Structures are given as structure tokens and as C-alpha cells.
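A quick write-up on the structure given underneath.
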Amino acid sequence: MAFTEKSLKSDDVFVLDKGLEIIQWNGAGSNGMEKIKVASFTLFYHLSCMFHLILQLFKLWCGRLESNLM
């Protein structure tokens with residue numbers, strides 16, 4: 001979905017993924033449960049991205065370790 005200022009509804013919650021930064025925007029009329037659900041999704045998404053990065057770095061490090069042993 002294309003993001004515009006008009007997309008922001010005061011009764012919704014939005015997540016903006018800026019790569020290294022994730023922003024949660026809570027509209028003034030959004031309810032508490034909606035905010036909690038989006039916050040938990042945002043946290044899970046952020047952690048899964050970090051895990052993927054750590055896994056890739058570990059694979060890279062293991063490859064270098066193997067080449068140094070030979």
C-alpha cells in the first residue's frame with residue numbers, strides 16, 4: 001500500500017519499517033488491544049530480523065573459520 005499522510009486514520013495503528021528502525025504510530029482513537037497487538041507484532045518482527053542477521057553473520061564467521069583451519 002502506498003503511504004501518504006491521508007493514509008493515517010486517527011482510529012488505526014500503523015507500523016513503518018525503515019530498515020534499522022521500526023516505528024509504531026498510534027492514532028488518538030485506536031483502542032488499547034489494537035495497540036498491544038501491533039506492539040507485540042512489531043517486537044516479534046524486530047527480533048526475527050535481528051535473529052536472521054545474527055544467523056547470517058554466524059554463517060559468515062563459520063565459513064572464515066573453516067578456511068583458516070585448512
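The values are calculated or read from the model by the stated rules, or taken from the named source; none is laboratory data. All values derive from a computational prediction rather than experimental measurement. Cβ: placed from backbone, ideal geometry, glycine included. Neighbour counts: every protein chain shown. Side chains included, ligands, DNA and RNA excluded: accessible areas come from the protein's heavy atoms. Shrake-Rupley method; radii C 1.70, N 1.55, O 1.52, S 1.80 Å.
Among the small types (Gly, Ala, Ser) and part of a helix (DSSP H, G or I): does that describe Ala39?
Answer is yes for this residue.
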field: Search result, residues across the range 1-34 that are touching a Gly at 6+ places or on another chain (Cβ under 8 Å) and assigned to a loop (DSSP other than H, G, I, E, B)
entry: Leu8, Lys9, Ser10, Asp11, Asp12
query: How many of the residues making up the range 43-66 are of a type in the set (S, T, N, Q) and open to solvent by 70 Å² or more (accessible area, probe 1.4 Å)?
result: 1
message: Out of everything in the range 19-35 that is of a type in the set (A, V, I, L, M, F, W, C) and within 20 Å of the chain's Cα centre (by Cα), what residue ends up being nearest to His52 (Cα to Cα)?
response: Leu20
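Considering only residues of the range 29-42 that are of a type outside the set (Lys, Arg) and open to solvent by 100 Å² or more (accessible area, probe 1.4 Å), which is modelled with the lowest pLDDT?
Checked the range 29-42; the qualifying residue modelled with the lowest pLDDT is Phe41.
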field: In the range 1-22, residue farthest from Thr42 (Cα to Cα) [restricted to those that are open to solvent by 60 Å² or more (accessible area, probe 1.4 Å) and among the β-branched types (Val, Ile, Thr)]
entry: Thr4
